[in-house]
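Below is one structure; the comments refer to it alone.
The values are calculated or read from the model by the stated rules, or taken from the named source; none is laboratory data. Because the structure is predicted, anything quoted here is derived from the model rather than measured. A quick note on method: Cβ atoms are made from the backbone with ideal geometry, for glycine too, and the neighbour counts reach across all protein chains shown. Side chains are part of the model used for accessible areas, which takes the heavy atoms of the whole protein and leaves out ligands, DNA and RNA. Shrake-Rupley method; radii C 1.70, N 1.55, O 1.52, S 1.80 Å.
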Amino acid sequence: MRAVPPGLRYAAAVPGGSAWFLLSYGQRRAALENYAAVLGSEADDPRVARVARRAFQNYGRMLMDFLLLGSLSPEELGRRMSYDGREHLDAALARGRGVIMALPHMGSWDMAGSFAASLGYKVWAVAEKFPGSLNDAVVSTRERFGLKVVGLGRSAVRTLNEALRDNGIIALVCDLEQGPGVPVRFFGRRAIVPGGPAALALKNGAAVIIASPYATSNGHYHVHLDAPMQVSGGDTREGLMQRVVERFEDFIRDRPDQWYAFRRMFDR
């Protein structure tokens, strides 16, 4: 991947992403419904199709960056990243109860997590497992800069609780349904999202910071960090996750073609 000129590398995402969009009927149909909700339109609106197609192309660019990630030095990674709101993260960690970082499927969460780990933060990320040796290769890339990968499953809960007791950061991508979750109103429609971030926060007293990674140019990303959410003992999982997705809506409306939502997620 490093041997391919960057201009050619990212240009390939345009026809590749377009072909994926056209040939994958199920994902295309789900994406059109999802982006229609974001744009407040209908799935047959040409604007919706344009945004969806660009999202498939941007996902291809993100995958190329992930493949490149395994060969970057910490200095090279740092030159590709920028951020704002780091003071919120440091202040939250000073409380000593850990931080739950809630993110949507935007930009490159792998670049963001790896960059945070390269800065010396203790970061755990929950991720789905891939088949066979592919999983080993993906985990190796993700852990190159010190990020700790936790596979989805019941055993993950114990690991994440221990990470918070160690005053670590848990990065959770939590805008799409992944097994049992909690109901929320997302872009005015009913959706199910993971309830894990809220459950962990309520149990451990950890801070919840909502983050948004997004591409600024080919191969370069910015990470925005909100101030910690106000969480009280009277909060519920459903209430907390509703507040999280309402903030996600702001990020997604700003950059809908950087949101990767290629499976059905909304009920009318």
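Some notes on this structure:
- Selection of trypsin sites (Lys or Arg not before Pro), the stretch 117-200, meeting DSSP coil and at most 15 other Cβ within 10 Å: LYS129
- Positive-pole candidate from PHE115, VAL231, ALA94, dipole of the chain, charges at beta carbon: PHE115
- Dipole magnitude for the stretch 65-139: computed about the Cα centre from +1 point charges on Lys and Arg Cβ and -1 point charges on Asp and Glu Cβ, it is near 260 debye.
- Candidates SER82, GLY181, ALA171 compared by Cα position along the dipole of the stretch 58-195: farthest toward the positive end lies GLY181, with charges placed on Cβ.
- Residue order for MET101, MET106 - accessible surface, 1.4 angstrom probe, largest first: MET101, MET106
- Of the peptides 204-211, 46-53, the order by per-residue mean of other Cβ atoms within 10 Å, starting with the highest, comes out as 204-211, 46-53.
- Only Lys, Arg, Asp and Glu carry charge here, each on its Cβ (+1 for the first two, -1 for the last two); on that basis the chain has a dipole of about 360 debye about its Cα centre.
- Additional length obtainable on full extension of the chain from ASP250 to ALA91, 0.36 nm per residue less Cα span: 54.9 nm
- Helical content of the chain, expressed as a calculated mean residue ellipticity at 222 nm, amounts to -15000 deg cm²/dmol (DSSP H runs of 4 or more residues, -39,500 (n - 2.57) each, divided by residue number, nearest 500).
- For the stretch 67-144, the Kirkwood estimate of hydrodynamic radius, built from reciprocal distances between every pair of different alpha carbons, is 14.0 Å.
- The order of the peptides 88-95, 255-262 by mean Cβ neighbours within 10 Å, most packed first, is 255-262, 88-95.
- 3J(HN,Hα) along the stretch 187-197: 6, x, 10, 6, 9, 10, 10, x, x, x, x Hz, from the Karplus curve 6.51 cos²θ - 1.76 cosθ + 1.60 with θ = phi - 60°, whole Hz, x for Gly and Pro.
- Proximity of backbone amide H atoms, modeled 1.01 Å from N, is registered between GLY195 and VAL182 at under 5 Å, excluding neighbours fewer than 5 places apart on the same chain.
- Here the stretch 218-268 has an Rg and Dmax of 14.2, 44 Å, counting Cα atoms alone.
- Given R0 = 25 Å, the distance between the Cβ atoms of LEU22 and LYS129 translates into a calculated FRET efficiency of 0.30.
- When Rg and the Kirkwood radius Rh are both evaluated on Cα atoms of the chain, their ratio Rg/Rh stands at 0.95.
- Across the stretch 10-140, the fraction of Cα-Cα pairs farther apart than 25 Å, rounded to a whole number, is 43%.
- Expressed as a whole percent, the accessible area of the stretch 138-243 that falls on carbon and sulfur atoms is 50 (1.4 Å probe).
- Within the same chain, lysines fewer than 8 places from LYS203 are excluded, and of the rest, those with a Cα less than 22 Å from its Cα are LYS122, LYS148.
- Solvent-accessible area per residue for the chain (1.4 angstrom probe, square angstrom): 46 Å²
- For the stretch 213-219, Karplus couplings with θ = phi - 60° (6.51, -1.76, 1.60), whole Hz, Gly/Pro x: x, 8, 6, 9, 6, 4, x
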